[in-house]
Amino acid sequence: MLTTLQNPVNLADMSSSESSTYTTREAAKYLGISTSTLYRMVHQGLIRPAITPGRQRRFTKPQLDDCRVKSTESVAPQKPRSLRSRYRQAEPDAALLCDPAETLELDLGLDSSPAASQGGEPDPRNKLNALDGKQWLVETKSVWFQKGLGAAHPHAKYERLHPAPFSFQDVARLIQFFTRPGELVLDPFSGVGSTMKACAITGRRGKAIELSEHWMSLAKRRLDEEVSAGAAAKFEWITADAREALRQMPDGAFDFVVTSPPYWAILSKDGDHKVRKERIANGLVTRYSSDATDLGNIRRYDDFLNELTGVFLQVGRVLRPERYMAVIVSDFRHRSTFISFHSDLIRSLNGAKIGSRHRLVLQGTKILSQNHKKLYPYGYPFAYVENIHHQYILILRKTAETTFKRQYEL
C-alpha cells in the first residue's frame, strides 16, 4: 500500500509555482514520485492529464492535490507484465533494449492493450521518421548485426565487385530512422550504389557522388537490374571528386547523409590472406581506383584524415540544421600498426564548426557486427593480430551553435 507520497515539494520551491499547469517532470516532483511512476499511474487511469496541441501532458494543481489524497488508500501501480510480454513477442531480443518501466518513462505512448501489440501510428510529435514507438526503440540499440543477401544471391553480384561494399539493407535501416518518405538523401562516396538502392526501396529521393565512372556505371546498372527497369533514372548521379561536387551545392539541401568513405590506402597494400583468397584469386579488383585525386591513394594517413575531415565539413554545410549524418567506417592495420580510424574521425569531427552558426556533434556510435566473415590466421603462432569483424556507424548531428554552448560546454 502507498501510505504517502514521499518527499512532496512545496509549490514555492518550484520554477512553475505561479503557473496553473505542470509538465510531467514538474508534476512528479510536486508529488514526490518518479516520472516513471507517474507514467504508470496515467496508463492505469489513476490520473488523467490534459493533452496540449503539441501532444504534451499537462497536470493541474487541484488534480495533483486530489491524487495526493487518494494515494493514501491506493496500491502503487507496478510494472505491467502485459507490456513485458508484448515486447518479448514483438521483438525476440527486445528485452535487451530496456526495462518496461524505462520504456514508459520515455513517454512513447505505448499501452498494453491487445490492439497496441499489432503496431501503432507514429507519434504526432515525431518529425524525424515514420516509425511508431516500438519500431523506434529497436533501432536505437548500439549493436546491430550486419544483414546481407549472401554471396550466392544473384543480387550480390555488383556488391561483390567492389573492394569495400556495404549492405543496402543496413543503409535502409538508417534511412528509415533518420528520414521520412520522400526526403532527400546524399551519399558523397557512392561506390556501387548501395545507398541509392536503399533509397529506392524505402521511397526516398537520393543524390550520389562517385569519383570513378566505372563504379558509377555499375551502380546505375545495379538499380535497373535489382530494383526495376529505369530505377536509376529517378536519382541524381554526379561523377566527380566529392570535394569539388560538394562546393557547388547549396547550404541545407539534404535531409540525411549516409556514406562509407575510403579507408585510406588499405586496399593498395600487398594482399594479405584475405585479399589473396577472396579477391586476387577470383580476378576482382583490390583498390578503389588509380585516380591521383582518389582519397584512397593519399600516401600519408594524416594527410588523408585531413582531406576526409574537409569533405565531411562540406557535408555538414549541405545538411539541413538539426538533421543527421551516418558515417560507416572500420579500424584497420597498416603493416604492424593498428589504426583506430573511427576514433580518429570522431576526434576530427565532433564539435567541428559548420560556418558560424552550427557544429557537428556526435550523437552515438553503433557497432555493426559482421559475424559471417571468415577467420584468417593473422600473426599465428607468433603474435596477436585481430580479425576485425565489425564496423562502426558514427551518428553526428548538425547542431546550432547556441545549443552546443548550452549543452556541451562546461
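For the reader, a short list of remarks on this structure follows.
- Rg and Dmax, both from the Cα atoms of region 281-410 and both in Å, are 17.7, 56.
- GluC sites (Glu not before Pro) lying in DSSP loop within region 329-410, provided at most 11 other Cβ fall within 10 Å: Glu386, Glu409
- Selection of GluC sites (Glu not before Pro), region 153-212, meeting DSSP coil and at most 10 other Cβ within 10 Å: none
- Cut-off under 5 Å, modelled amide H: who pairs with Arg204 long-range: Gly182
- Accessible area in square angstrom per residue, region 294-410, 1.4 angstrom probe: 52
- Of Lys127/Lys353; Lys127/Lys207; Lys197/Lys405, pairs whose Cα-Cα distance is over 28 Å: Lys197/Lys405
- Whole-Å distance, taken between Cα centres, linking region 41-57 and region 157-193: 40
- Cut-off under 5 Å, modelled amide H: who pairs with Arg333 long-range: Ile339
- Sequence-separation-based contact order of region 186-225, relative, with Cα cut under 8 Å and 6+ spacing, percent: 52
- Applied to region 328-340, the Karplus parametrisation 6.51 cos²θ - 1.76 cosθ + 1.60 on θ = phi - 60° returns per-residue 3J(HN,Hα) values of 9, 9, 9, 6, 7, 10, 10, 6, 9, 9, 8, 10, 7 Hz, with x for Gly and Pro.
- Per residue solvent-accessible surface (Å²) - region 159-223, probe of 1.4 Å: 29
- In region 333-392, Cα pairs under 8 Å separated by at least six residues give a relative contact order of 25 percent.
- Sulfur and carbon atoms: percent of accessible area, region 305-356 [1.4 Å]: 48
The values are calculated or read from the model by the stated rules, or taken from the named source; none is laboratory data. No experiment lies behind these values; they were computed from the predicted model shown. Ideal geometry is used to build each Cβ from the backbone, glycine not excepted, and the neighbour counts take in all protein chains shown. Just so you know, the surface numbers come from the protein's heavy atoms only, side chains and all, with ligands and any DNA or RNA stripped out. Shrake-Rupley method; radii C 1.70, N 1.55, O 1.52, S 1.80 Å.
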